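K.L.:
Sharing a structure, written as C-alpha cells. Questions coming.
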C-alpha cells in the first residue's frame, strides 16, 4: 500500500521563501501541495517536495480562494 499523504516542507524553508512577484509572505497549503501568495493571487506548486517558484508555473487563484 502506498502512502498518498502530501509531503511536508521543512519549516525553515517556509520561513525564507517569499513570492517572487511581490516579495510577500506565502501560505503553505499542504493538502493542495501549493504555496499561496495572497497578494499576487497566485498558487505556486510543490512537486516532489520542491517548491516551483516560477510565476509562469503558478496557478491564478479563483475569486474567493
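Computed from the coordinates by the stated procedures, all read-outs in this text should not be read as laboratory data. Keep in mind the model is a prediction, meaning the values are calculated, not measured. Because the Cβ atoms are built from the backbone with ideal geometry, glycine has one as well, and the counts that use them run over all protein chains shown.
K.L.:
If we sort 33-44, 12-23 on the protection proxy, mean other Cβ atoms within 10 Å, highest first, what's the order?
P.N.:
33-44, 12-23
K.L.:
Calculate, in nm to one decimal, what residue 25 and residue 38 gain on full extension: separation in residues at 0.36 nm each, minus their alpha carbon distance.
P.N.:
Values: separation 13, 0.36 × 13 = 4.68 nm, distance 0.83 nm.
Taking residue 25 through residue 38 to full extension adds about 3.9 nm, to one decimal.
K.L.:
Let me ask another. Take the Cβ-Cβ distance between residue 65 and residue 8 as r, set R0 to 30 Å, and report the resulting FRET efficiency rounded to the nearest 0.05. Intermediate results must be reported in sequence, preceding the final value.
P.N.:
Numbers: r = 22 Å, r/R0 = 0.73.
For R0 = 30 Å, the calculated efficiency reads 0.85.
K.L.:
Quick one: in segment 11-60, what % of C-alpha pairs are over 12 Å apart?
P.N.:
56
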